Amino acid sequence: AVQLGSLSARAEPGLGSITPEVMPPYDERMMATTYQTVLSMGSSYEVNAIDDEAGLPGVLIGRYPGDEYSGVIMSPTSAKPICEGYNCGSAWFLATHGVAEVIYATAAAAAKGKLTISSTSQ
């Protein structure tokens, strides 16, 4: 949610200083938050381990560490669950997309010389 908030608070093109960015996605605190988000959730979803073994780059994340929402509605209620217990959920595409957007915005800022590396963002 933090990443999505930073992306949503960006200034619209052409408005310049009229609508300044509150905290741009490439801010050192956003980079540190995004890094910790990926670290805390990367191992939570089996798909990430499968992709790593196959040599596929990237990581899928959820809404929060330990998120167990699977997106599956069991009907009828007597149906056997697909899986049970911790880490039974699935990655949430909006959170994964938000992290990807922050990474792309950070790369664009680096290309323009706007990126500042500090002990917080390393």
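The values are calculated or read from the model by the stated rules, or taken from the named source; none is laboratory data. Every value quoted in this text rests on a predicted model; they were computed, and no experiment measured them. Side chains included, ligands, DNA and RNA excluded: accessible areas come from the protein's heavy atoms. Shrake-Rupley method; radii C 1.70, N 1.55, O 1.52, S 1.80 Å.
For the range 27-34, putting each phi into the Karplus relation 6.51 cos²θ - 1.76 cosθ + 1.60 with θ = phi - 60° gives couplings of 4, 4, 6, 5, 4, 5, 5, 5 Hz, in residue order, rounded to whole numbers and with x for Gly and Pro. The figure for S40 is an accessible area of roughly 50 square angstrom, using a 1.4 Å probe on the protein chains alone.
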